[in-house]
Amino acid sequence: MSVDEDTANQGRLLAAVHGPQDVKRMSGTDLNILAAEIRDFLIAKVSRTGGHIGPNLGVVELTLALHRVFDSPRDRLLFDTGHQSYVHKIITGRQAGFDQLRQRGGLSGYPSQAESEHDIIENSHASTALSYADGLAKAYALRGESRSVVAVVGDGALTGGMCWEALNNIATAGNPLVIVVNDNGRSYSPTIGGLADHLSTLRLNPGYEKVLDTVKDALGSTPLVGKPMYEVLHAVKKGIKDAVAPQAMFEDLGIKYVGPVDGHDVAAVEAALRAAKHFGGPVIVHAVTRKGYGYRPAEEDEADCFHGPGAFDVKTGQLVAAPAVKWTHVFADELVAIADERPDVVGITAAMAEPTGIAKMARKYPERTYDVGIAEQHAATSAAGLALGGLHPVVAVYATFLNRAFDQVLLDVAMHKLPVTFVLDRAGITGPDGPSHYGIWDMSVFGVVPGLRIAAPRDAATLREELREAVAVDDGPTVVRFPTGAVAADLPAVRRVGPVDVLAESTRTDVLLVAVGAFGQLGMDVAARVAEQGYGVTVVDPRWVRPIPAELVEMAAEHRLVVTVEDGVRAGGVGDALAQAMRDVGVRVPLRDLGVPADWHPHGSRAQILADLGLTAQDVARDVTGWISRLDTHPVDPLPLSTPSPN
Ligand SMILES: Cc1ncc(C[n+]2csc(CCOP(=O)(O)OP(=O)(O)O)c2C)c(N)n1
Ligand SMILES: CC(=O)[C@@H](O)[C@H](O)COP(=O)(O)O
Ligand SMILES: [Mg+2]
């Protein structure tokens with residue numbers, strides 16, 4: 001279907017929605033029709049762009065009810081993680097942007113202050129919304145502003161520790177604050193942990209389900225929930241409450257509990273929200289929803305309910321892109337091979353078993369694989385515990401998400417010199433998820449951790465090799481980091497000097513080009529271009545980028561110019577560290593470090609963002625040629641290499 005046809009087929013009611021006031025005016029019947037039109041719209045658009053279709057299909061009615069009860073932007077609607085804010089964007093006048101969803105210059109996949117006054121949280125790291133909400137509610141109370149603060153938090157996000165720190169403070173502060181728990185029973189895979197058990201007790205209680213069906217039948221197509229319905233729901237809640245009392249967990253905290261409510265019944269959610277809005281203190285509204293609701297391929301997707309697929313065929317749900325061998329697959333296969341040989345190796349995921357590849361190990365060794373929920377800090381220190389117990393944990397997370405566990409890696413793991421391997425998938429520029437997902441900080445942030453070693457494989461062969469080297473280290477933590485997407489083609493070395501692979505060399509030693517990790521092929525392409533200008537380039541892959549190999553410093557001293565290129569921030573990156581190592585031993589060869597500026601880079605495709613940053617073979621070759629030709633006229637004498645100092 002073309003975009004024009006698509007627009008022409010856009011629902012009549014949806015076409016009339018330009019802002020929240022348009023849904024406030026709608027009747028119950030129209031709201032049900034609008035919900036269906038929104039689902040059709042989401043499936044049509046996201047099937048072409050890719051994106052978080054499953055989570056958003058699950059919050060259509062919930063988001064309609066939110067905008068009918070509250071007055072955004074005066075009232076603040078906060079979305080935890082933010083991947084489920086597409087319906088919010090549709091209601092707040094951004095339907096036209098969905099043709100460029102998550103594309104460069106197009107609509108962000110998360111709330112964006114630049115897009116709308118209705119958006120406030122841009123960070124897509126989970127479990128933060130309640131803390132933002134606590135702060136906002138305190139600010140409005142202190143300023144005497146009568147504005148509602150509403151935080152929508154998923155059951156998965158609730159497994160994150162920050163949520164419980166926030167709930168503790170929210171209860172103490174006692175400010176008016178509405179917490180909508182969007183309980184679909186899933187993170188990617190089914191949500192784990194005691195809280196999930198509590199919530200599912202409610203959700204799965206036969207009494208609750210039966211009553212809901214009875215009431216729905218009785219109401220038939222009558223959309224609006226009248227008093228009888230709410231009374232029935234109240235009785236259900238009362239009944240369940242006495243039976244299982246999971247609300248006690250919240251109410252003992254001092255937070256009122258309303259629910260459970262059918263999150264796909266606009267009127268029911270509205271009724272619960274209106275009650276919560278006027279309560280005058282912190283209230284939890286427990287909405288039970290279904291991830292992927294209304295689109296069968298998503299509802300039936302056991303792996304992750306179409307959490308965030310690429311483009312897909314609407315009729316079949318099949319992904320459009322041909323399957324590729326991804327870095328993740330190579331890691332998963334090698335981890336299982338290692339686990340076959342090493343009974344002490346265990347795997348840990350933070351609610352992302354499938355996306356990180358840990359699921360493959362879980363299928364073969366379920367007793368040696370742990371899903372800790374969205375709890376990276378706990379993952380790191382629990383891994384420290386496992387290591388203290390004589391095991392070698394492999395913690396697989398996306399690079400960006402390990403940021404929040406820096407203290408745990410530094411003190412709980414590294415200071416104790418514990419053998420824990422952190423595998424950082426999606427390292428570097430990822431693309432569609434934008435700045436809060438860019439895994440560009442790890443080599444800088446974790447590069448300062450004493451005793452921690454960092455490997456950056458360039459292809460499948462070196463990933464397998466460096467993963468094995470990492471799990472063989474028993475006197476401290478190791479990190480193995482690699483980018484998103486299809487794994488790079490194997491790039492053989494011509495020789496190895498210590499840990500350093502020489503990928504190409506020349507009779508001339510004009511330039512030492514240090515190509516970090518997946519930039520190996522970029523280094524080869526740059527060398528070919530620079531050679532056309534008559535200069536000799538030695539291309540090396542350090543493989544282990546922390547600590548800086550002494551061999552790399554020795555190689556630097558043999559060249560006229562050193563250039564480093566890395567898929568990570570320059571500040572404190574590999575280039576910075578090599579320059580310091582060279583300074584420490586008096587190697588005065590000029591060094592230029594290329595990488596990602598420490599900044600908030602926009603979303604787009606990985607290739608586009610790297611090109612915007614000048615991290616292409618063409619741009620780097622232009623830079624290298626410029627620098628080396630300048631040295632022809634402005635020579636700098638490199639000092640002879642002294643024995644490296646001990647510290
Ligand atoms: C700190 C952090 N870890 C991991 C993720 C990856 N992630 C994105 S959404 C998601 C699942 C969220 O589950 P839930 O809060 O229940 O929302 P749902 O997708 O079910 O609507 C995860 C683990 C993240 N965004 N932030
Ligand atoms: C919202 C979130 O954090 C994840 O769903 C993320 O978008 C997944 O990224 P990949 O698509 O790279 O697995
Ligand atoms: Mg969920």
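The values are calculated or read from the model by the stated rules, or taken from the named source; none is laboratory data. Bear in mind that the values here come from a model prediction, so they are computed numbers and not experimental data. Virtual Cβ from ideal backbone geometry, glycine too; neighbours counted across all protein chains shown. The accessibility values were calculated without ligands, DNA or RNA, using every heavy atom of the protein model including side chains. Shrake-Rupley method; radii C 1.70, N 1.55, O 1.52, S 1.80 Å.
Scanning region 477-499 finds no residues that are of a type in the set (Asp, Glu), over 24 Å from Leu610 (Cα atoms) and modelled with pLDDT of 95 or more. One residue alone among Gly97, Gly51 is of a type outside the set (Val, Ile, Thr) and touching a residue at least 24 places away in the same chain (Cβ under 8 Å), and that residue is Gly51.
Each row is one residue, and each column tells you yes or no for (1) in a loop (DSSP other than H, G, I, E, B); (2) surrounded by fewer than 23 Cβ atoms within 10 Å (Cβ to Cβ); (3) aliphatic (A, V, I, L, M).
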{"position": "Glu122", "(1), (2), (3)": "yes, yes, no"}
{"position": "His125", "(1), (2), (3)": "yes, yes, no"}
{"position": "Ser131", "(1), (2), (3)": "no, yes, no"}
{"position": "Ala137", "(1), (2), (3)": "no, no, yes"}
{"position": "Val150", "(1), (2), (3)": "no, no, yes"}
{"position": "Val153", "(1), (2), (3)": "no, no, yes"}
{"position": "Leu158", "(1), (2), (3)": "no, no, yes"}
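Against the numbered list (1) buried (at least 19 other Cβ atoms within 10 Å of the Cβ); (2) over 24 Å from Ser629 (Cβ atoms), Asp474 comes up short only at (1). The lone criterion from (1) crowded, with 24+ Cβ neighbours inside 10 Å; (2) within 21 Å of Asp475 (Cβ to Cβ); (3) acidic (Asp, Glu) left unmet by Asp412 is number (1). Looking across Leu615, Leu552, Leu561, one residue alone is buried (at least 21 other Cβ atoms within 10 Å of the Cβ), within 30 Å of Ser124 (Cα to Cα) and not aromatic (Phe, Trp, Tyr). It is Leu615. Residues Ser85, Ser146: which one is without any contact (Cβ under 8 Å) to a residue 60 or more places away in the chain and surrounded by fewer than 20 Cβ atoms within 10 Å (Cβ to Cβ)? The unique qualifying residue is Ser146.
Taken together, the criteria exclude His118 from residues that are within 16 Å of ligand 2 (Cβ to nearest atom) and either in contact with a helix residue (DSSP H, G or I) (Cβ under 6 Å, 6 or more places away or on another chain) or modelled with pLDDT of 95 or more (or both). Looking across region 264-308, just one residue is in a strand (DSSP E or B) and of a type in the set (Gly, Ala, Ser), and that is Ala287. Counting only helices (runs of 4 or more DSSP H) that fall entirely inside region 345-446 and contain at least 2 residues that are closer than 27 Å to Gln608 by Cα and away from ligand 2 (no atom under 16 Å from the Cβ), the qualifying elements are 442-445. In the set (1) open to solvent by 40 Å² or more (accessible area, probe 1.4 Å); (2) farther than 21 Å from Gly573 by Cβ; (3) among the small types (Gly, Ala, Ser), the condition left unmet by Gly498 is number (2). Close Cβ contacts (under 8 Å, 6 or more residues apart or on different chains) running from residues in region 619-647 that are at pLDDT 65 or above to residues that are outside any helix (DSSP H, G or I) and exposed (fewer than 12 other Cβ atoms within 10 Å of the Cβ) are absent.
Taking (1) basic (Lys, Arg); (2) away from ligand 2 (no atom under 16 Å from the Cβ); (3) open to solvent by less than 20 Å² (accessible area, probe 1.4 Å) in turn, Lys277 satisfies each apart from (3). If only residues of region 146-203 that are of a type in the set (S, T, N, Q) and within 12 Å of ligand 3 (Cβ to nearest atom) are counted, the one that is nearest to His67 (Cα to Cα) is Asn182.
Restricted to region 509-591, the set of helices (runs of 4 or more DSSP H) holding at least 2 residues that are closer than 28 Å to Ala607 by Cα comprises 520-531, 574-584. Residues of region 35-82 that are within 16 Å of ligand 2 (Cβ to nearest atom) and either among the small types (Gly, Ala, Ser) or in contact with a Pro (Cβ under 7 Å, 6 or more places away or on another chain) (or both): Ser47, Gly50, Gly51, Ile53, Gly54, Gly58, Phe79, Gly82. For region 426-450, the set of residues classified as open to solvent by 50 Å² or more (accessible area, probe 1.4 Å) and over 22 Å from the mean Cα position of the chain (by Cα) consists of Val448, Pro450, listed by residue number. Among the residues of region 290-317, the ones that are over 23 Å from the mean Cα position of the chain (by Cα) and surrounded by fewer than 18 Cβ atoms within 10 Å (Cβ to Cβ) come to 6 in all.
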